[in-house]
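Colleague: Just passing along the structure, written as structure tokens.
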Amino acid sequence: HLPIAVDSAISVGVLGKALEKLAADIPAYSLPCLYYGKSNEHWGFPGTISLKAATLLAVIHDMAESIYQAGFRKLILMNSHGGQPQIMEIAARDIHQKYQDFAVFPVFTWRVPHITPQLLPEKEAQLGIHAGEAETSLMLALLPEQVKLKKAVKEYPPALATNSLLSMEGSLPFAWLTKEISKTGVIGDATSATARKGEQILDSLATGWVKLIEDVYKFKQPTIN
């Protein structure tokens, strides 16, 4: 029910709205979106194209080096795909190690403060991690013509033991493939999505990103020297 470029569309949409809200005296610039990443957890579903971790690391490093050579000294790596935050963190650390006057910020789009959990049922807030209510609502706000809501489904992964410390995403995760836990590729309830919720989510994410960009602008690298 959603296009294959959802994560990219979310990045572009959220950042675009954030830059509209950002004060004019903060010099922030956006690069074109990098549409391919590490998404091999979705292999087996049509349209999945994935880069190896080493390939993505190399691409990020080369792009960051070019940005550094152009004179920039701060870089936010904005990422909306849940399968690669760790790669962003490794890339940021390696880049900063090479250029210690280059501050690099690997940020998952959904980690800024936002109201999404307040708009969703508890189960959906915990388990709706792929093409569920939040992402579908957001796409209805951003690119409604690309959403086929009549094909939306509700599908949750098999439940873990109630006393388990493990989770699909969290501080104690386990490795999983989408085809192991979903017949459709959906993980969540896309049938409950609405454009109104999408507008609320978009606005709150953009506001969170404005605060993040402001903090990055003011940021000074901690050092004992």
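Since every read-out is calculated from the coordinates, none of them should be taken as a lab result. Everything numeric in this text was worked out from a predicted model, so none of it was measured. Ideal geometry is used to build each Cβ from the backbone, glycine not excepted, and the neighbour counts take in all protein chains shown.
Colleague: Mind listing just one residue for me: the one in segment 185-225 that is among the polar types (S, T, N, Q) and outside any loop (DSSP other than H, G, I, E, B) and, of those, farthest from residue 43 (Cα to Cα)? Working first, answer last.
Modeller: Taking segment 185-225 first, the residues among the polar types (S, T, N, Q) are 191-192, 194, 200, 204, 207, 221, 223, 225.
From what's left, outside any loop (DSSP other than H, G, I, E, B): 191-192, 200, 204, 207.
Details: 191: 24, 192: 26, 200: 32, 204: 32, 207: 34 Å.
Among those that are among the polar types (S, T, N, Q) and outside any loop (DSSP other than H, G, I, E, B), it is 207.
Colleague: Next up: With the requirement that a residue be closer than 16 Å to residue 77 by Cα and either loosely packed, with under 13 Cβ neighbours inside 10 Å or without any contact (Cβ under 8 Å) to a residue 12 or more places away in the chain (or both), what does segment 98-124 give you?
Modeller: The answer is 111, and nothing else.
Colleague: Which ones in segment 135-155 are free of Cβ contacts under 8 Å to residues at least 40 places away in the same chain and within 17 Å of residue 109 (Cα to Cα)?
Modeller: Selection gives nothing.
Colleague: So which residues in segment 169-184 are in a loop (DSSP other than H, G, I, E, B) and out of contact with any helix residue (DSSP H, G or I) (no Cβ under 6 Å at 6 or more places or on another chain), if there are any at all? Step through it out loud before you land on a result.
Modeller: Within segment 169-184, the first condition is being in a loop (DSSP other than H, G, I, E, B), and the residues that meet it are 169-172, 174-177, 182-184.
Scanning segment 169-184 gives 169, 170, 171, 172, 174, 175, 176, 182, 183, 184.
Colleague: Are there any pairs with C-beta distances below 7 angstrom linking a residue in segment 49-78 that is touching a residue at least 40 places away in the same chain (Cβ under 8 Å) to a residue that is polar (S, T, N, Q), with the two at least 6 apart or on different chains, and if so which?
Modeller: 78/11; 78/109
Colleague: Looking at segment 125-154 only, could you name the residues that are farther than 15 Å from residue 5 by Cβ, charged (D, E, K, R) and crowded, with 20+ Cβ neighbours inside 10 Å?
Modeller: 133
Colleague: Between a residue in segment 28-43 that is under 13 Å from residue 5 (Cα atoms) and any residue that is surrounded by 13 or more Cβ atoms within 10 Å (Cβ to Cβ) and among the charged types (D, E, K, R), which pairs come within a Cβ distance under 8 Å, given they are 6 or more apart or on different chains?
Modeller: 37/7
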